Amino acid sequence: RFSAKKATFLSGMFLLSPAVILNSAIWGQVDSIFTLFVLIMLSLLMNKKTIPAYFVFAIAIFIKPQALFYAPVLMFGIIEHVFLDNFSGKKFFFL
């Protein structure tokens, strides 16, 4: 809902926030990195780029297994791309 310039600014503010840096350094949390990969996966799905979304999802699972909670979103993206958009057997096997 934000413009690209405003979204980039807000992302930079979050990335350079002392609280985020301190939390990551002291507790070893990787939540922001995990969230980044989940957001990239969602962006790829919205742009109908399913193959890269699969790989980004796999990386998110390697970072934190809680990424499996987003599996239904990925499955809906697969169903929408393969079955709801002019289904064919060739498209099913060779996205």
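Only one of (1) open to solvent by 60 Å² or more (accessible area, probe 1.4 Å); (2) at pLDDT 80 or above; (3) among the β-branched types (Val, Ile, Thr) fails for ILE26. Which number is that?
Exception for ILE26: condition (2).
In the list THR35, THR50, which residue meets the criterion of being touching a His at 6+ places or on another chain (Cβ under 6 Å) and surrounded by 10 or more Cβ atoms within 10 Å (Cβ to Cβ)?
The conditions single out THR50.
Looking at (1) of a type in the set (Val, Ile, Thr); (2) more than 16 Å from ILE78 (Cα to Cα); (3) open to solvent by 70 Å² or more (accessible area, probe 1.4 Å), find the lone condition where ILE63 falls short.
It is condition (3) that ILE63 fails.
Are any of the residues in the range 6-15 modelled with pLDDT under 85 and open to solvent by less than 100 Å² (accessible area, probe 1.4 Å)?
No; the residues of the range 6-15 include none that is modelled with pLDDT under 85 and open to solvent by less than 100 Å² (accessible area, probe 1.4 Å).
Which one of the conditions (1) assigned to a helix (DSSP H, G or I); (2) at pLDDT below 85 does ASN86 fail to meet, given that it meets all the rest?
Against the list (1) assigned to a helix (DSSP H, G or I); (2) at pLDDT below 85, ASN86 comes up short only on (1).
Within the range 34-46, can one find any residue that is of a type in the set (Gly, Ala, Ser) and at pLDDT 85 or above?
Within the range 34-46 (the criterion being of a type in the set (Gly, Ala, Ser) and at pLDDT 85 or above), the answer is yes, since at least one residue qualifies.
The values are calculated or read from the model by the stated rules, or taken from the named source; none is laboratory data. Keep in mind the model is a prediction, meaning the values are calculated, not measured. A quick note on method: Cβ atoms are made from the backbone with ideal geometry, for glycine too, and the neighbour counts reach across all protein chains shown. Just so you know, the surface numbers come from the protein's heavy atoms only, side chains and all, with ligands and any DNA or RNA stripped out. Shrake-Rupley method; radii C 1.70, N 1.55, O 1.52, S 1.80 Å.
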